[in-house]
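Undergrad: Structure incoming, see below.
The values are calculated or read from the model by the stated rules, or taken from the named source; none is laboratory data. What you are looking at is a predicted structure, and each value in this text was computed from that prediction instead of being measured. For neighbour counting, all protein chains shown are included, and Cβ atoms are generated from backbone atoms with ideal geometry for every residue, glycine included. The area values use the complete protein model at the heavy-atom level, side chains included, leaving out ligands, DNA and RNA. Shrake-Rupley method; radii C 1.70, N 1.55, O 1.52, S 1.80 Å.
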Amino acid sequence: MPVETDEELRTILENDSIAVVGCSSSPGKAAHDVPAYLLEHGYDVHPVNPFAAEIFDRPAADSLDELEESIDVVCVFRPSDEVDGIVDDVLEREDVDVVWMQLGISDDGAAARVEDSGRQAVQDRCMKVEHRRLAD
C-alpha cells in the first residue's frame, strides 16, 4: 500500500539523494521549482532529462541508468502512463529506496511493483508541499 502516514513521509524526507525524472530547466514549472526548493533545503538533487545538458548547474542525465551516483529517492515528474517504464529502471538499481510520484501522478500497478521489491512508493503528493508541512 502506498505511503500515506506523516510518520512514513517524514522518514522518507530524511533521505539525502534525489533523482528527479522529468526535471525541467524552465523556472515557473513545478518540475523546476520543486527540485530547486529541494536543493535550497540541502538535498542532493540529480536532474534526469534527456533534452537538457545541465539543470541547476548540475549535469542532467538522459535516464536513471546513466546516473552513477547513489540515489535514495526517485522523484517522478512524468505523466502517469510513463511511470511503469521508470519503475523498470528503478528496479534495475539496488540503491533506490523510494519512488515518489508528484502531485497528479499515480500508477497503482507500478506502485505495487515498487512495494513488492521491498521499497516504498508515494503517489499523487508534492514533495515540496510535504516537506514544508512536515519539516521541523
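Undergrad: Run the numbers for D16 and S63: contour at 0.36 nm per residue of separation, minus the present Cα-Cα distance, in nm. Can you show the working numbers first?
TA: On the way: separation 47, 0.36 × 47 = 16.92 nm, distance 1.95 nm.
Full-extension gain reported as 15.0 nm.
Undergrad: Moving to a separate point now. Averaged over every viewing direction, what's the projected area of the C-alpha convex hull for the stretch 80-128? Give it in nm², one decimal, please.
TA: Values: hull surface 12.4 nm².
That works out to 3.1 nm².
Undergrad: Continuing with this model, one more query. Take every DSSP beta bridge whose two residues both sit in the stretch 1-108, then give the antiparallel share in percent to the nearest 5. Write out the running numbers ahead of the final one.
TA: On the way: 2 of 16 bridges.
Beta bridges within the stretch 1-108, antiparallel portion: roughly 10 percent.
Undergrad: OK, next. What does the accessible area per residue of the chain come to in Å², with a 1.4 Å probe and no ligands, DNA or RNA counted? Could the numbers behind the result be given before it?
TA: On the way: 6910 Å² over 136 residues.
For the chain, the per-residue accessible area is 51 Å².
Undergrad: Can you give me the % of accessible surface on the stretch 57-101 that is carbon or sulfur? Probe 1.4 Å, all protein chains present, nothing else counted. Don't skip to the answer; put the middle values down first.
TA: Working: 820 of 2270 Å².
That fraction is 36 percent.
Undergrad: Also, I was wondering about something else. Just the accessible area for F56, please: 1.4 Å probe, Å², rounded to the nearest 10?
TA: F56 exposes around 50 Å² with every protein chain in place.
Undergrad: Hey, how much of the P(r) for the chain falls beyond 18 Å, as a percent of Cα pairs? Intermediate values should be presented prior to the final figure.
TA: On the way: 4423 of 9180 pairs.
The share of Cα pairs beyond 18 Å in the chain comes to 48 percent.
Undergrad: Give the ranking of E8, E94, E130, E66 by solvent-accessible surface, highest area first, calculated with a 1.4 Å probe.
TA: E94, E66, E8, E130
Undergrad: Right, something else. Around A60, under 11 Å between beta carbons, what's the net of Lys plus Arg minus Asp minus Glu among the other residues? Write down the numbers at each step before the final one.
TA: On the way: positive: R58; negative: E54, D57, D62, E66.
My count for the surroundings of A60 gives -3.
Undergrad: Here is a follow-up. Name the residues of the stretch 56-83 whose amide N is less than 16 Å from a point 7 angstrom out from the Cα of E4 along the C-beta direction?
TA: So the set is empty, nothing qualifies.
Undergrad: Could I ask something else about it? Could you check the simple spin-label distance between D44 and S26, using points 7 Å along Cα→Cβ, in nm with one decimal?
TA: 3.1
Undergrad: Follow-up question, since we're still on this one. I need the fraction of alpha carbon pairs in the stretch 11-91 separated by more than 20 Å, rounded to a whole percent.
TA: Working: 790 of 3240 pairs.
Roughly 24 percent, once rounded to a whole number.
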